[in-house]
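Read the figures in this text as sums done on the coordinates, not as results from a lab. It should be emphasised that the depicted structure is a prediction, and the values quoted were computed from it without experimental measurement. Positions of Cβ are generated from backbone atoms using ideal geometry, with glycine treated the same way; all protein chains shown enter the neighbour counts.
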Amino acid sequence: MAATRLPASASSADVAAGLRRDGFAIVERLVAPELMDRVRAELAPWMEKTPTGDDFGGRRTRRTGGLIARSPASRELVMHPLVLGAVKDVLGHASGFQLHLTQLIAIGAGEKAQAVHRDQWAFDFFPFPNDYEVQCNTIWAMTDFSDENGATRLVPGSHQLADRLQFKNEDTVPAEMPKGSVLFYTGKLYHGGGPNRTGAARCGVNITYAVSWLRQEENQYLSVPQELARTLPDPLLRVMGYARGAYALGYVDDVRDPLDALRGGGPPTSFGDLEAAQARLRRRP
Ligand SMILES: O=C(O)CCC(=O)C(=O)O
Ligand SMILES: [Fe+2]
């Protein structure tokens, strides 16, 4: 595939450049396979209980969410510095970003191809401008991803095309990659889960991020019980959404910071200077 395929030594800027050019980038073997095995072992009891999906999600596909609460090892993936750096770069036109969803996607044996789509359609199909990405996404390979076992299918460069297009399987290429690799793609890239023609599940960890002025797909405040949230590190909590989004979003009662409120205190604050916030955003590309 003539597309951005990078070694684990790649920088966030390399990844962001690939995302801007092709709408996706693959970083091979970014984490040790053992980390993916730990995530898998922690999620195994939940996976067994997860029902298969609908026509869009896949009748032979299981999506297990709530990874922050259920899998301590998955928090390393959520907070991987290369990922956070690339997300910050690609979504840098907004005043902030936050976690959008966490999901182990197990595409079962015999599953058919998922309908090709844009992930940003989740936002009510709002026609965001082509030069305004609202999402930057990852899928971590928990098994090898191959053409045969359902590697994610991509339409290279399609982040720059019109909205609401329809594609067939022949228009797509498979994001083949070994276990421990990560596929980055933007919310505008047309893609879908691939058909699995093997006898074993294809497992990938989908961790997505979106600008902090949009609603999260997975509700982190209820997916992670408060008693557990209080034990998590501040930087992770901030990414999960315990932070003010944009100028005023997400405060608690008398404009307390959500992280202060979670920890049971914090002074009232004010919204700050709207003029200054506007000026900061005007300077962004
Ligand atoms: O599992 C995959 O490879 C992709 C799944 C996907 O695109 C989705 O569920 O939105
Ligand atoms: Fe998707």
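Quote the charge dipole size of the chain about the Cα centre in Debye, to the nearest 20; the model charges only the Cβ of Lys and Arg (+1) and of Asp and Glu (-1).
It works out to roughly 120 debye.
Only four residue types carry charge here, +1 at the Cβ of Lys and Arg and -1 at the Cβ of Asp and Glu. Report the dipole size of region 175-242 about the Cα centre in Debye, rounded to the nearest 20. Let's see the in-between values first.
Numbers: 7 positive and 5 negative charges, 40 e Å.
For this selection, approximately 200 debye.
What angle, in degrees between 0 and 90 and rounded to the nearest 10, separates the Cα long axis of helix 12-22 from the longest principal axis of the Cα atoms of the chain?
60
When 1/r is averaged over all different Cα pairs and the result inverted, which Kirkwood radius in Å belongs to region 1-130?
This gives a value of 16.9 Å.
In what order do TRP46, TRP121 fall by count of nearby beta-carbon atoms within 10 Å, going from fewest to most?
Going from sparsest to densest Cβ surroundings: TRP121, TRP46.
Straight distance only, please: which lysines reach the Cα of LYS168 with their own Cα at less than 21 Å, same-chain residues fewer than 8 apart left out?
LYS112, LYS188
I want the antiparallel fraction of DSSP beta bridges within the chain, as a percent rounded to 5.
About 95 percent, rounded to the nearest 5.
Of GLY18, ALA69, ASN149, which is farthest on the positive side of the dipole of the chain, counting Cα position, with +1 on Lys and Arg Cβ, -1 on Asp and Glu Cβ, and the Cα centre as origin?
Comparing the listed Cα positions along the dipole, ASN149 ranks first.
How big is the C-alpha Rg of region 184-285 next to the rule-of-thumb value 2.2 N^0.38 Å, as a ratio? Don't jump to the answer; show the numbers that get you there.
Working: Rg = 18.3 Å, N = 102, 2.2 N^0.38 = 12.8 Å.
Cα-based Rg divided by the globular estimate yields 1.43.
For region 102-217, with only Lys/Arg (+1) and Asp/Glu (-1) charged at the beta-carbon, what is the dipole magnitude about the Cα centre, in debye rounded to 20?
Working: 10 positive and 13 negative charges, 35 e Å.
Computed charge dipole of region 102-217: roughly 160 debye.
If you fit an axis through the alpha-carbon atoms of helix 274-283 and take the longest principal axis of the Cα set of the chain, what angle between them do you get, 0 to 90°, nearest 10?
In the chain, helix 274-283 runs at an angle near 40 degrees to the longest axis.
So what's the back-of-envelope 222 nm ellipticity for the chain, counting only DSSP H runs of four-plus at -39500 (n - 2.57) apiece and dividing by all residues, rounded to 500?
Using -39500 (n - 2.57) per qualifying helix, the result is -7000 deg cm²/dmol.
Quick check: the angle from helix 33-49's long axis to the longest principal axis of the chain, C-alpha only, nearest 10 degrees?
So the helix axis and the longest Cα principal axis differ by about 90 degrees.
List the equivalent ellipsoid semi-axes of the chain in whole Å, largest first, each obtained as the square root of 5λ for an eigenvalue λ of the Cα gyration tensor. Show your work: numbers first, answer last.
Working: eigenvalues 190, 106, 57 Å².
After scaling each eigenvalue by five and taking roots: 31, 23, 17 Å.
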